[in-house]
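To start, the structure itself, in structure tokens.
Each reported figure results from applying straightforward, stated rules to the coordinates on display, with no laboratory input. All values derive from a computational prediction rather than experimental measurement. For neighbour counting, all protein chains shown are included, and Cβ atoms are generated from backbone atoms with ideal geometry for every residue, glycine included.
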Amino acid sequence: MIQDLRTVKRFMTTRLGLEDSNYRQRFNNLVVMLFSWNRNYRREDIQHILELTSGLSHKRYIVKSNKEILDIITQTCKKRL
């Protein structure tokens, strides 16, 4: 869900010219990104990535929100102090 929202936000900012892009964004591009690339990533690619990085699982974080990212960064910074 978060990935879909970020994809839509990125599409809108590039479409409105607020952010540079390498190609002209079209609605068809958004549909492909949301329903093909993102879905495929969540269903298949992420499992493959997790398998490839299993040896580093102690360094890996799987987060579902920006708040979780900030919490991890805060905890990591506190450990280093």
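Just a few scattered comments:
- Filtered residue count, the range 9-53, keeping only those that are surrounded by 13 or more Cβ atoms within 10 Å (Cβ to Cβ) and among the hydrophobic types (A, V, I, L, M, F, W, C): 6
- Matching residues in the range 1-25 - criterion: being more than 16 Å from the chain's Cα centre (by Cα) and not basic (Lys, Arg): Met12, Thr13, Thr14, Leu16, Gly17, Leu18, Glu19, Asp20, Ser21, Asn22, Tyr23, Gln25
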